[in-house]
Structures are given as C-alpha cells and as structure tokens.
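Let me begin by presenting the structure, written as structure tokens, before commenting on it.
The values are calculated or read from the model by the stated rules, or taken from the named source; none is laboratory data. What you are looking at is a predicted structure, and each value in this text was computed from that prediction instead of being measured. Here Cβ is always computed from backbone atoms with ideal geometry, including for glycine, and neighbour counts include all displayed protein chains. For the accessible areas, the whole protein counts, side chains as well, though only heavy atoms, and no ligand, DNA or RNA atoms are used. Shrake-Rupley method; radii C 1.70, N 1.55, O 1.52, S 1.80 Å.
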Amino acid sequence: MFVRVASAAVVGIEAAPIDVEVDVGVGLPCCSIVGLADAGVREGRVRIRGALENCGFKLPPRRITVNLAPADLRKDGAAFDVPIAVGMLAAAGVVDPAALEGTLFVGELALDGALRSVRGVLPIAASARSRGVRRIVVPPDNAGEAAVVAGHDVQAPPNLNALVALLRGEPWDAAGARAATAAPPSLASGADLTDVRGQEVPRRALEIAAAGGHNLLFVGPPGAGKTMLAARLPGILPPLGFEEALETTMVYSTAGLLGGSSLVAARPFRAPHHTVSSAGLIGGGPTVRPGEISLAHNGVLFLDELLEFPRHVLEMLRQPLEDRAVTIVRVRRGVTYPADFMLIAALNPCPCGHFGSAIRTCICTAAAITAYRSRLSGPLLDRIDLHVEVPALPYRELALAEAGESSATIRDRVVAARERQQARGARCNARLSSTELRRVAPLDGAGHALMERAAERLGLSARAITRVRRVARTIADLAASAAIATVHLAEALQYRVLDQPTT
C-alpha cells in the first residue's frame, strides 16, 4: 500500500515542503530510506521500529520503502521520524490515510514512542501556513513556537499512542499544546548605565550608536570599563517589533536554541570568545547551522579583545557587515542566513594596554604599537562607524563622579531619534545608501569644507566619509535637528580615534 505524508525540511531560516512517501509491498522484510537522506535520517529506521513495537504496533513482515521527495534536496536530522512512522502506520492499516490530509508532521521519536523536540519548527509552521496546511503536529516542546504562527491548528501529542488516537478521532490528553509565551533564549544582563561612573564621551558614543544602529569600537586600557559599557548597549536599544522578533526567533529555532520558549522578546546580545572558529562566528559546519553573527540578528554582537581573534576570522565579517546577510555554500546547496546586527568591539590601544594612559606608563615602542594595530585591517576598520577612547580614570574621579543618566532615560531619546528616521521614510541611519544619504543628510558649504579638511588630515576613505556623515545625521536626529550643522559633523569626526597618528 502506498501513502504520502506531508512534512518539511529547514533550509536557512526557511522551510521546504517534503513529501514522505511510504510503500509497503511484497518482498523480503526490510526498510529502505531514499531521497538524499543523511545518516541521521537513515538511522531513524531503528528508532521508528523500536518506538512502534514499544507502543504496541506491529509492522507487517514486508518490504518497506520510504522516499523523501524532492530527491535533490539533502535531508538531515531526526525530524522525519514522526512522518515516516505515521506513513508506516497508515500503510499498515492502523490509521486511515484520509486522516493525514491537510496535516503536516514533524518530530523525533524516542524508543519508548515519546515525541522529542526538533529545531526549525517556527519556519516550518510559517511555511505550512503559506501553503494552506490546516493542521500541524509537533512535539510538545515545540508547541509554543509553532503556535506563534496563527492560521492553523497546532497539535502536540506526547507520544505515538496519543498521535494515533488523534488521527483516529479518539480522546487523548491535549495538555501539551500550550500557548505561546515570550521568553528569549539570549538576553542582556539588564544592567543599567547608571552603574557607569564618568566616561561621558563613551556614554555619548553608545547613545549615538544605539540611535542610528552604528557599529562601535571602544579603545582603552584593561579595566577602563569597555566591557561594562558594551553590556549596557541592549538596554538602550528600541524594543523589538513583532516582525523583528519573529525573524530572530526563526534563527534561534533553526539553530535549536529556543529551549522551550516560543518568541524572542528582547534583542540578542552575543559575546563569543576570541577562540571561536570561523564556522562558529559566521556559520557552517556539517549541517550548516547559523553562526554568532546570525544569532545576533536584530541585536548586538560584542567582540571583546578584538585583536585576539584570528585575522582570517575577523576578515569574514566584512561582507556580512555590508550585506546584512551571510551565504554559506556547500557542495549541494547554498544557505543564506540574516545577519543584521550591531557590531560593538573592544581592544587595548597597544600590546601592554597602557598607551595614552595617565595612570600607568606605556612600555611599547611606536613600531610595536603600529604592528599591534595592523592586526585590524583598514577595510574592516572602515566598516566601524565610531571608534572611541575609553580612558582609565583616577580613583578620585571615579569616587566623586555622580551617577549618570539611566538606561531608560537614554532609551527614550534613542526611540525618538529612530522615530524621526522612520518619519523620513528612510531606513536606520547606519543602513542609508549613498543616494538616501544625499537626500536626508545634505551638507551646506561649511559642512563640505569641514569634511574636505578632515578627509585630507585623517586620510579618510570614501567609505569612512560616508560613515561620518551617517553618524552626523544620527547626532542631528538626537538633537531634533532637520539639517546637519557643522557642530554635528565635528562631533562625528571626533569619534575616529584610530584615524589619528600613534605618535
């Protein structure tokens, strides 16, 4: 008997429909799975047979052929266990094949028949809705994320017996199909900028970066507060909109990092260690998973001790910083993940860490400082809008400094600046193209003269000049100014400390 069961495979953060075709025919008892299935899918034969037997279902001693169509798309993981098992039960006459119509199945099976969670259920549910699927059957731990996408019935039977009862129209315990809840898998600590004493210039730079979505680099000695400042950036960013939250959640669902949550409600803050591999940062691996830059989508990627990262890994950031996406190509497929993140990084000014410090003496030579900073390439530095010095403050200044503004107060200004950008019909200032920049941020004669002098003195590239103008547009937005004044350009230019000579 031949049966077709609807399922899906995750490709990037999207899902491709998969038809699980099961045929039980005459021949020696065996089970074959074809259709470009990887080892994890083929191993499902053992899991499925054990689960069926332990739940009291006996397969006929016949030849069973399972085809996963289309055959030119690679299938990996254990998410096809449930649709294959359902297909076998329908082909064996345990359930009516008509009960499978309009239903999509996904999930892994344990040997006792329990349904275990799988990654990528949210994009699968979104794809199912667009195709008009009326019902989706998922494991209980995936019910929350599947329910985020309205438009279909989500069922989450805990085991095969409950699933068979569902398909037969018999009563079963539906407590597993819980509603969606907003609990993000990766959040900032919730620390407040009030904790930061002094450091007015870095605090101001942090506000500008948040208001315009700009990349930011902190340069300062160890212990000056670079990491402390960076950790407080998510607290002043605007809240996630629903569409942003949905897209971010799809990335985490694809990576299998939702951990039972249903919707990412806060902007991610990712801080990988400098020993991270290129696949860990950019994405890849045997099954092509999203990397840290995609996990930071719509949030913040913090690279502490920037120059300790391997140079070839840092250079891989150049294309995603421009395109806001990353495409990973393998032999049989190419996968594109979103990577629209704010980059915030921190580094020491020299090998000993105390160049320019008023507290400790730097022991590095000019040649050593130049060699140290050369680990950060010019093209990558050009893609960072602001690079700001974070000085080491003396004890008296730290002790007597008053508490600064809270994150909530600064966030209100940031949100107001973002609303001005939206009112112009333009994107976030950091994403403005050259054409858009000329439209929303024109310079007067004095502004052009200032930029000409600065470009000659600092040796700014065309990309760096564009980024200075974007930052100036953000400063003007924070000041509720429709036009860019020379004072806005002058402030934007001061956030280019690494363009200054080291001697």
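Observations
- Condition met for Lys58 (over 22 Å from Arg116 (Cβ atoms) and not aliphatic (A, V, I, L, M)): yes
- The C-beta contact set for the range 425-445 (first residue within 18 Å of Val414 (Cα to Cα) and without any contact (Cβ under 8 Å) to a residue 12 or more places away in the chain, second residue open to solvent by less than 60 Å² (accessible area, probe 1.4 Å) and not in a loop (DSSP other than H, G, I, E, B), distance under 9 angstrom, 6+ apart or interchain) comprises Gly425/Val440; Arg427/Gln421; Arg427/Glu436.
- Residue check, Ile328 within 28 Å of Val251 (Cα to Cα) and among the hydrophobic types (A, V, I, L, M, F, W, C): yes
- Considering Ala430, Ala423, Ala416, Ala455, the condition of being among the hydrophobic types (A, V, I, L, M, F, W, C) and modelled with pLDDT of 95 or more is satisfied by Ala416 alone.
- Of the numbered criteria (1) surrounded by fewer than 24 Cβ atoms within 10 Å (Cβ to Cβ); (2) outside any loop (DSSP other than H, G, I, E, B), the one Gly223 fails is (2).
- Applying the criterion of being under 16 Å from Glu305 (Cα atoms) and of a type in the set (Ser, Thr, Tyr) to the residues of the range 358-393, the residue that is surrounded by the most Cβ atoms within 10 Å (Cβ to Cβ) is Tyr372.
- Any helices (runs of 4 or more DSSP H) falling wholly within the range 394-503 and containing at least 3 residues that are within 22 Å of Asn298 (Cβ to Cβ) and open to solvent by less than 30 Å² (accessible area, probe 1.4 Å): 407-423, 462-478
This table checks each residue for (1) modelled with pLDDT of 95 or more; (2) open to solvent by 40 Å² or more (accessible area, probe 1.4 Å); (3) not in a helix (DSSP H, G or I).
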site	(1), (2), (3)
Val41	no, no, no
Arg47	no, yes, no
Glu53	no, yes, no
Pro60	no, yes, yes
Ala71	no, yes, yes
Ala79	no, no, yes
Ile84	yes, no, no
Gly93	no, yes, yes
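- Filtering Ile33, Ile18, Ile13 for residues that are free of Cβ contacts under 8 Å to residues at least 60 places away in the same chain, open to solvent by less than 50 Å² (accessible area, probe 1.4 Å) and of a type in the set (A, V, I, L, M) leaves a single hit, Ile33.
- In the range 314-340, the residues that are open to solvent by less than 40 Å² (accessible area, probe 1.4 Å) and without any contact (Cβ under 8 Å) to a residue 60 or more places away in the chain: Pro320, Ala325, Val326, Ile328, Ala339
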